[in-house]
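Participant: Quick one: structure below, then a few questions.
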Amino acid sequence: MNKYKNLIYNTFIFGISTFSSKILVFLLLPLYTRVLSNTDYGVVDLIVQTSNLLIPIVSLGIANGVIRFGLDKSNSSSDVFSTGLFTILGGFLIFLLLEPILSKIKYVSDYTALIYIFVLMSSLRTLCSQFIRARKLVRLYAFEGVLSTITTISFNILYLVVLKLGINGYVLAIISSDFLSVVFLFYTAKLYKFIKFKQKEKSTPINMLKYSIPLIPSTIFWWVTNVSDRFIVAYMLGAEANGLYAISYKIPTVVTLLSSIFSEAWQLSAVSEKDAQYREKFFTNVFKSYSSLIFISASVLILSVKAITKILVSDAFYASWSYVPFLVMATSYSCLATFLGSIYFVEKKSNLSLITTFIGALVNIMLNLILIPKFGVNGAGFATFLSYAAVFVLRALNTRKFIKINCSNKKLLFNTFILLIQSTIMIFEAPHWIFIEIFLFVLIFAVNLKDILINIKKLIV
């Protein structure tokens, strides 16, 4: 199969899984914003984000090793899965000893038991799903994503609407869905057959941990860049302000949705492309089309942010629309930086991923402390955008020694400038803003359409 067609095929299959799960963000927003207050949603967001921070620490980031080493046919599948499972269980046992520390964190101290279960179930589900993806069971992976969507919606209705469990119900719905996914994958894919207490190759666990552990601080720093602003907003402006800010984060997930669908398929293609002569051209062509889609999606999202927010959330959360534009820009550059991170993935240079994300996190915290007191919640969004842009620039310079992606810097700057103008006009509701926004969208669409059409032609030929 043509490598471009193979990428599109995998993207389509993974898209079924990813789209179904990510679309939950929009399907459930009307429910969340009607059964939870601004303050409750702010607390819920902090609980989930705290759990997401703990997952890579408790699991030693082993899911990264499972997908990367699972894709290498030279490694035993049982060695890879067993290493992942025992690492997670061992890390969780140690995590239990840290309960006194977790119970002292403001806003989440009353929900430590839920956080513990959340971390365990999420880690196990990620392990199982990444393992079947590494074995290229893409249809099963997609089906599990659809199943997870159905169960999550069902549990949310049960816990939030029927039983009215509030904050506890929100978290329990995620936990219950993850648990069912683990059971489903464990028996459907017969994962129990891959559990071995004796490794075939003793070097496999060591190599997996050597690859995965440097990605723990990398994941943490990425989390800091993406989430630390919410804690700072909560402490400086209150949980209610963070509730609005947390809702505004949901809208840019349209861009993240497109990126995550593609990224899961792209990892398979990136690792599979062994021919150095054509790899640089392949990466360049894909990046050009990918970045064009990201910028077009970001532009239309900024244009329609008011309408989307009005449809998806209750009146109490409507004001959150004004925080979305800068977050759309931030998400766009997060996606571009993630693409360049795939080069580290291919080359197994997890230490370089760590360095770039550390710098991004440092920039983010410094800018948050400067911009939030001066500009409020939008200061947090702009700080996040600048942080991701910094990571992208660093990776663009650094990855050239491995794979040189030949892209137009002028085009990247032009796209960024147009999005910045769109965001500013939208936030301040300039006179005749709707006509200006439409013009800018048409402009960015016209500029980026060519690269997309070129790669569509490659699929047809």
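Participant: Out of all the residues in the stretch 390-414, which are small (Gly, Ala, Ser) and outside any loop (DSSP other than H, G, I, E, B)? Even if it seems obvious, please write down each step before you answer.
Facilitator: Taking the stretch 390-414 as the starting set, the residues that turn out to be small (Gly, Ala, Ser) are 390, 396, 408.
Result: Ala390, Ala396.
Participant: Of the conditions (1) touching a residue at least 12 places away in the same chain (Cβ under 8 Å); (2) open to solvent by 70 Å² or more (accessible area, probe 1.4 Å), Tyr170 fails just one. Which one is it?
Facilitator: Every condition holds for Tyr170 apart from (2).
Participant: Restricting to the stretch 89-122, and then to whatever is touching a Leu at 6+ places or on another chain (Cβ under 9 Å) and of a type in the set (Gly, Ala, Ser), can you tell me which residue is surrounded by the fewest Cβ atoms within 10 Å (Cβ to Cβ)?
Facilitator: Ranking the candidates gives Ser109 first.
Participant: Which one is farthest from Glu201 (Cα to Cα) among residues in the stretch 64-88 that are open to solvent by 40 Å² or more (accessible area, probe 1.4 Å) and without any contact (Cβ under 8 Å) to a residue 40 or more places away in the chain?
Facilitator: Here is the first cut: in the stretch 64-88, the ones open to solvent by 40 Å² or more (accessible area, probe 1.4 Å) are 64, 73-74, 77, 86.
If we keep only those that are without any contact (Cβ under 8 Å) to a residue 40 or more places away in the chain too, we end up with 73-74, 86.
Values: Lys73: 13, Ser74: 10, Phe86: 16 Å.
Going through the qualifying residues, I end up with Phe86.
Participant: Further, regarding this structure: Would you call Phe184 surrounded by fewer than 20 Cβ atoms within 10 Å (Cβ to Cβ), touching an Asp or Glu at 6+ places or on another chain (Cβ under 9 Å), aromatic (Phe, Trp, Tyr) and over 17 Å from Ile115 (Cβ atoms)? Don't jump to the end; show me each part of the working.
Facilitator: Values: surrounded by fewer than 20 Cβ atoms within 10 Å (Cβ to Cβ): yes; touching an Asp or Glu at 6+ places or on another chain (Cβ under 9 Å): yes; aromatic (Phe, Trp, Tyr): yes; over 17 Å from Ile115 (Cβ atoms): yes.
Judged against the criteria, Phe184 is a match.
Participant: Continuing with the same structure: Quick one: which residue in Ser297, Ser248, Ser289 is touching a Phe, Trp or Tyr at 6+ places or on another chain (Cβ under 7 Å) and at pLDDT 80 or above?
Facilitator: Only one candidate qualifies: Ser248.
Participant: Also, quick follow-up: Specify which of the listed residues (Ser181, Ser148, Ser123) is in contact with a Lys or Arg (Cβ under 7 Å, 6 or more places away or on another chain) and of a type outside the set (Val, Ile, Thr). If you could, list the steps in order and put the result at the bottom.
Facilitator: On the way: Ser148 fails: in contact with a Lys or Arg (Cβ under 7 Å, 6 or more places away or on another chain); Ser123 fails: in contact with a Lys or Arg (Cβ under 7 Å, 6 or more places away or on another chain).
Exactly one residue qualifies, and that residue is Ser181.
Participant: Okay, next question. Where residues in the stretch 373-393 are surrounded by fewer than 23 Cβ atoms within 10 Å (Cβ to Cβ) and touching a Gly at 6+ places or on another chain (Cβ under 8 Å), which of them is modelled with the highest pLDDT?
Facilitator: Once the filter is applied, the top-ranked residue is Ala390.
The values are calculated or read from the model by the stated rules, or taken from the named source; none is laboratory data. All figures in this text were calculated on a predicted structure; none of them were measured in a lab. Heads up, the Cβs are rebuilt from the backbone with ideal geometry, glycines too, and the neighbour counts pull from every protein chain shown. Accessible surface areas use protein heavy atoms only, side chains included; no ligands, DNA or RNA. Shrake-Rupley method; radii C 1.70, N 1.55, O 1.52, S 1.80 Å.
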